[in-house]
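Peer 1: This structure is in structure tokens; I'll ask about it shortly.
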Amino acid sequence: MESDKPQPSNTDQDRELVARSQAGDTEAFDELVIKYSSKLYAMIYNMTGNREDTHDVLQDVFAKAYRSIRRFRGKSAFYTWIYSISVNMTLNFLKKRGRRKQLSLEELTPSSALDQEYQEATASSNPVREADIHELQIRLNEAMLELSEDHRTVVTLFDIQGMPHAEISIILGVSQGTVRSRLFYAHRQLQNHLEEFRH
């Protein structure tokens, strides 16, 4: 099963695709889109909690990346650059959206890449256990949506996307200490929210 986590080892391949994209090769840019779509979709979905919004934001992210690719200088890995664009655009979208949109129950059911991986890893023939896992996942999704955008972002990047603190600090433009502090606070909030579910 292909991981949804960014793969820094593929930076050479990315550099080649970026160089071709900068030279006007649209097929090379399409390859980058295909390569990062599922990773970015999972990240954006975990921040917005809404599939329709996720599709819209992701489309805007790739449109912006395409317009800006010639200005990409390669000081960081391409995936760091595209994640930075994605996080910034998602946070801007969330600020504009505000709290006006009520989440439907359907949107709280397991559906993101994280949810699928979690379900596969904990799959069981025991229907009671499966029901418990499903309920826990719904509560986890609810808990994620209770976090502030900043806290949800670090949890998404660290716990779901598997990024190290150093990478997250570059993407968010904050210190590693700030990343660690936000993670600590977010984990505590999630733990408190899930406490009542424990047997």
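The values are calculated or read from the model by the stated rules, or taken from the named source; none is laboratory data. Since the model is a prediction, treat every value here as computed from it, not as a measurement. When we count neighbours, we look across all protein chains shown, and the Cβ atoms used for this are built from the backbone with ideal geometry, even at glycine.
Peer 1: Mind listing whichever residues of segment 20-37 are of a type outside the set (D, E, K, R) and surrounded by 13 or more Cβ atoms within 10 Å (Cβ to Cβ)?
Peer 2: Pass one, segment 20-37, residues of a type outside the set (D, E, K, R): 21-24, 26, 28-29, 32-34, 36-37.
S21, Q22, A28, F29, L32, V33, Y36, S37 - these are the residues of segment 20-37 that are of a type outside the set (D, E, K, R) and surrounded by 13 or more Cβ atoms within 10 Å (Cβ to Cβ).
Peer 1: Do you know which residues across segment 1-30 are aliphatic (A, V, I, L, M), modelled with pLDDT of 50 or more and part of a loop (DSSP other than H, G, I, E, B)?
Peer 2: If we filter segment 1-30 for residues that are aliphatic (A, V, I, L, M), which is where we start, we get 1, 17-19, 23, 28.
When the remaining residues are screened for being modelled with pLDDT of 50 or more, the result is 17-19, 23, 28.
Scanning segment 1-30 gives a single hit, A23.
Peer 1: Also, quick follow-up: For segment 133-185, which residues satisfy the criterion of being hydrophobic (A, V, I, L, M, F, W, C), buried (at least 18 other Cβ atoms within 10 Å of the Cβ) and assigned to a loop (DSSP other than H, G, I, E, B)?
Peer 2: Within segment 133-185, L147, M163 qualify.
Peer 1: Would you check which residues across segment 43-65 are in a helix (DSSP H, G or I), touching a residue at least 40 places away in the same chain (Cβ under 8 Å) and surrounded by fewer than 23 Cβ atoms within 10 Å (Cβ to Cβ) and list them?
Peer 2: As a first pass, look at segment 43-65 and keep what is in a helix (DSSP H, G or I): 43-48, 51-65.
Okay, now just the ones that are also touching a residue at least 40 places away in the same chain (Cβ under 8 Å), so 43-48, 51, 53.
Within segment 43-65, R51, D53 qualify.
Peer 1: Report every pair of residues separated by at least 6 positions or lying on different chains whose Cβ atoms are under 9 Å apart, first residue within segment 73-100 and over 25 Å from D14 (Cα atoms), second among the charged types (D, E, K, R) and crowded, with 19+ Cβ neighbours inside 10 Å.
Peer 2: F93/D53; L94/D53; L94/R152; R97/D53
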